[in-house]
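Below you'll find the structure, written out as structure tokens, and then a few comments.
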Amino acid sequence: MSEGKMNFIVLTIFPEMFNSFWAHGIIRKAIELDKISVSTINIRDFAKGRHKVTDDRPYGGGCGMVMKPEPLAAAIRASVARAPYSRRILLTPQGRVFDQSVAREFASLQGLILVCGRYEGVDERICDDFIDDEISIGDYVLTGGESAAMVVIDAATRLIPGVLGGLESAEKDSFSRNLLEHAHYTRPRTFEGAEVPEVLLSGNHKEIEKWRLETSLIRTFLKRKDLMKDRSLNRREIEIMKKWCLDIEEIIHAQSVRSSDSLSGDQ
Ligand code: 6GU
């Protein structure tokens, strides 16, 4: 990952949507630490004429509106002039689906120019000539790319070295190892009758670490088997999972012994 400052420029017709996004939490901290710089460009500022129109009816007819190419092209050119080293990204449901590995890829770049589409989409000639990469945040339809741009900026920023507090916080969490995170508990020790697992109170760090790995594995197995399939298990993980198999076999064996003892069916 590059150690320099990462530059995000967002092209949108609703720049105000980003004001509170920049102003809170880790994004704000990353700006204050000079790990990222952020700005918005209002596409409307590049529209010609008294009404500053940014959309128009589609050629060939049909419903919905299309973002006009000239204001977008001018806004992208202005952004490139400001940050020539940036990758130009169009947020669109037709793009490659954003995930943690794309977030990692983006976190290693010097800059992103994020173009937020609205309406039915942008004029195809923009996609062809002014965009390096098309990104979707998942298989559903949003009213515009702004919330998707925030998702991309958020996920990339937290991976920039020095942005998160603990050195390992980004490395340890979900997906960095293709495992879901272990369960978390804080005070009080008893909450509405529910206790904190004993091992976490034991002070035995080796046991705690083992418990966390084991709960990570079992959660991933129960909730997201798909993640486990494209992941190689290490020796410790294989040992833990083999132990589950043995435990399960033991239970099943005890059951079959008992049911062959009695004639009462599968009680
Ligand atoms: Cl990036 N934009 C829009 N409009 N819809 C989406 C999306 C993006 N990603 C998923 N759905």
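For the reader, a short list of remarks on this structure follows.
- Candidates Ala194, Ala78, Ala155, ranked by Gaussian network fluctuation over the chain, Cα under 10 Å, top entry: Ala194
- Projected label distance in nm at Ala78 and Arg44, using a 7 Å step from Cα toward the beta-carbon: 1.3
- Mean projected area of the convex hull spanned by the Cα atoms of the chain, taken over all viewing directions: 23.1 nm².
- Above-threshold pairs, the threshold being 21 Å between Cα atoms, out of Lys29/Lys210; Lys5/Lys29; Lys48/Lys68: Lys29/Lys210
- Overall, the accessible surface of the chain at a probe of 1.4 angstrom is composed of carbon and sulfur to the extent of 53 percent.
- Mean separation of Cα contacts under 8 Å (6+ apart) over length of the range 34-159, as relative contact order %: 28
- Over the range 1-46, Cα pairs under 8 Å with separation of 6+ residues give a relative contact order of 58 percent.
- 1.4 Å probe accessible area per residue over the range 1-155, in Å²: 52
- Of the chymotrypsin sites (Phe, Trp or Tyr not before Pro) found in the range 43-135, those in coil by DSSP whose Cβ has at most 15 other Cβ atoms within 10 Å are Tyr59, Tyr85.
- Among Ile208, Ile218, Ile89: highest mean-square fluctuation, GNM of the chain, C-alpha pairs under 10 Å: Ile208
- In the context of the full set of protein chains, the range 196-267 has a per residue accessible area of 80 Å² (1.4 Å probe).
The values are calculated or read from the model by the stated rules, or taken from the named source; none is laboratory data. Just so you know, these numbers come straight off a predicted model, no measurement behind them. Quick reminder, even Gly has a Cβ in these numbers, built from the backbone with ideal geometry, and neighbours come from all protein chains shown. Just so you know, the surface numbers come from the protein's heavy atoms only, side chains and all, with ligands and any DNA or RNA stripped out. Shrake-Rupley method; radii C 1.70, N 1.55, O 1.52, S 1.80 Å.
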